[in-house]
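The values are calculated or read from the model by the stated rules, or taken from the named source; none is laboratory data. Please read all numbers here as calculations on a predicted model, not as lab measurements. Quick reminder, even Gly has a Cβ in these numbers, built from the backbone with ideal geometry, and neighbours come from all protein chains shown.
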Ligand SMILES: Nc1ncnc2c1ncn2[C@@H]1O[C@H](COP(=O)(O)OP(=O)(O)OP(=O)(O)O)[C@@H](O)[C@H]1O
Ligand SMILES: [Mg+2]
């Protein structure tokens, strides 16, 4: 008979503790790496100009001031920029959903001639970097006389190839029988999408919408190259102007402006984070 | 009202022909069971009736009406899918209600119908649960209730009991039979379990490779099979079949019709001396595997016998006998020969003994 060695409980416990300690340290390290720039931004935005230039830098303002925020709101007319940003976020996201959902449904559940070809075109579009196409798109809108409007920032952005791809993958996992069953229940295509498919793809939808909202809100390059007057520029570009607000680069002003820009994104994330993480994790295991 | 008529129906997926030139009439109000091995086209047939997997060619009539252009929802059909296909994001009530809502049935009427259906399948306490909180058997009942509330003229059930445990399956079987008695509508029930087919059906349709092998009442299928396929599909263990001495035709006899003797019998048409290879106790019956003691090539395959007598031992040499009326003959194409006089003479009593 084999004699089993009794495991040494103390050694095991110590090993377990050591490994959990190390993992905690690593996690903390990662958190600090991501959080520190953020913290730095907050801290700097409350500093005086002089303190922001001080070396060695102070971690937290010694001379706490709201001056930077006041400057930003007074000297920049944020109102119209903010309005543009909001319009763009709402319009882009809404139109994107309107296009994406039926497209994903058709690509996932219908058979028609040229389907594979169309889908591969979509995927190519998804992979071509915008820096290659923006000039021709700009010229298109120039020819269409639309540069003096928000359209150049909306129309090119509402076909979200990545979103269609994600949602299609999700739809494809939904068994055919559910749809057939709904057809036997006299549901029309619209009801099948809204009552059967979308409720089963909630978290994917939340992710895509979140990415679209933040992406539009944060976009800088596209509005920069697609606009010729301040009237149609969003908040991100206004922030760029912070650098030239007072003579020289005033860091507290820049940081305060950035925080104003960031706030909505953080709010959205706090609301949607659970769903987003769930959907990402779901795809991770699959 | 729900007679289903297939006229010269073909169905192919790409280049593979699954069903060819099928003619079939499923009688109104009957409990018809479609049975056959996996992949023989049972689900395909149901899907054609439902209109969710239309035929490639041919005509399909439901209640005398050509239905090719009628959408699935308007055919007066309810289907229970092989995997239930319950809407996972709706409650039990939501699942049952979905079809009614789409039919624009008023709320009060809907509530009454749902309550009735839930009562019948015993789901009343679970109406507000999500499907993920139900057991397999309960989900099965949701699928049934969902089909029932629509008061269809045709019920299509695709192996609805295949995922249930043995006990629940027997219970649900009885419930389904009762449901049929109550509703008196056409049921088309798919299974690959021949016991289920035998116990539930008014009419059995036995399919193989997209073709109907035989369509008849269970007792006819058992007692009067049209061909070797039917003879061997129904009954466990399957009918013993081997080539006859003329090397053209086949002879067959059911394991349960074999009588075993220690002394050579005189009153049986078919008599062979055999050796017991294995013995398997089933409880009330005993299953013997027997080797015919003969040099003839056609009798090399062991035969099975099911007997009430458990006294025969392994390696014991005994006689088997089969009465004339329990012998079946098939021709070279494996079709039944019903004119048997000549064959019986050809294949007389005790030849083949050592
Ligand atoms: N969508 C499809 N594309 C290609 N071939 C298919 C398709 N659906 C079914 N088949 C083929 O058709 C044949 C019949 O399939 P069907 O689903 O009707 O079998 P079945 O009798 O229901 O089997 P089971 O008892 O396993 O459910 C099979 O050989 C199958 O491979
Ligand atoms: Mg099947």
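Just wondering, is there one or more residues in the range B:61-77 that are assigned by TED's automatic domain parsing to the domain that holds residue B:154 and within 13 Å of ligand 1 (Cβ to nearest atom)? No, the range B:61-77 contains no residue that is assigned by TED's automatic domain parsing to the domain that holds residue B:154 and within 13 Å of ligand 1 (Cβ to nearest atom). Taken together, the criteria place residue A:172 among residues that are away from chain B (no Cβ under 14 Å) and under 29 Å from residue B:101 (Cβ atoms). Looking across B:143, B:147, one residue alone is within 16 Å of ligand 2 (Cβ to nearest atom) and surrounded by 16 or more Cβ atoms within 10 Å (Cβ to Cβ). It is B:143. One residue stands out in the range B:144-161 among those that are within 12 Å of chain A (Cβ to nearest Cβ) and within 16 Å of ligand 1 (Cβ to nearest atom): the one that is farthest from the chain's Cα centre (by Cα), namely B:156.
Among residues that are away from every other protein chain (no Cβ under 14 Å), assigned to a strand (DSSP E or B) and crowded, with 17+ Cβ neighbours inside 10 Å, residue B:187 is included. Every listed requirement among (1) within 16 Å of ligand 2 (Cβ to nearest atom); (2) over 23 Å from residue B:119 (Cα atoms); (3) crowded, with 21+ Cβ neighbours inside 10 Å is met by residue B:193 save one, (3). Go through the range A:186-231 and count every residue that is farther than 20 Å from residue A:97 by Cβ and more than 11 Å from every other protein chain (Cβ to nearest Cβ). The number of residues fulfilling the criteria is 11. Apart from one condition, residue B:280 fits all of (1) touching a helix residue (DSSP H, G or I) at 6+ places or on another chain (Cβ under 8 Å); (2) over 21 Å from residue B:225 (Cβ atoms); the exception is (1). One residue stands out in the range B:162-172 among those that are in contact with a helix residue (DSSP H, G or I) (Cβ under 6 Å, 6 or more places away or on another chain) and more than 13 Å from ligand 1 (Cβ to nearest atom): the one that is nearest to the other protein chains (Cβ to nearest Cβ), namely B:164. Only one entry in B:97, B:159 is surrounded by 15 or more Cβ atoms within 10 Å (Cβ to Cβ) and at positive phi, namely B:159. Taking the criterion of being away from ligand 2 (no atom under 16 Å from the Cβ), in contact (Cβ under 8 Å) with a residue 60 or more places away in the chain and not in a strand (DSSP E or B), the residues of the range B:150-159 that qualify are B:150, B:152, B:153. Considering only residues that are within 8 Å of ligand 1 (Cβ to nearest atom) and within 17 Å of residue B:205 (Cα to Cα), which ones fall in the range B:1-18? The answer is B:18, and nothing else. Only a single item in (1) closer than 19 Å to residue B:203 by Cβ; (2) surrounded by fewer than 22 Cβ atoms within 10 Å (Cβ to Cβ) is not met by residue B:54, and it is number (1). Within the range B:182-212, the set of residues being in contact with a strand residue (DSSP E or B) (Cβ under 9 Å, 6 or more places away or on another chain) and free of Cβ contacts under 8 Å to residues at least 60 places away in the same chain comprises B:183, B:198. Take the conditions modelled with pLDDT of 70 or more, surrounded by fewer than 12 Cβ atoms within 10 Å (Cβ to Cβ) and either in contact with a helix residue (DSSP H, G or I) (Cβ under 8 Å, 6 or more places away or on another chain) or not assigned by TED's automatic domain parsing to the domain that holds residue A:61 (or both) and apply them to residue A:243. Does it pass? Judged against the criteria, residue A:243 is not a match.
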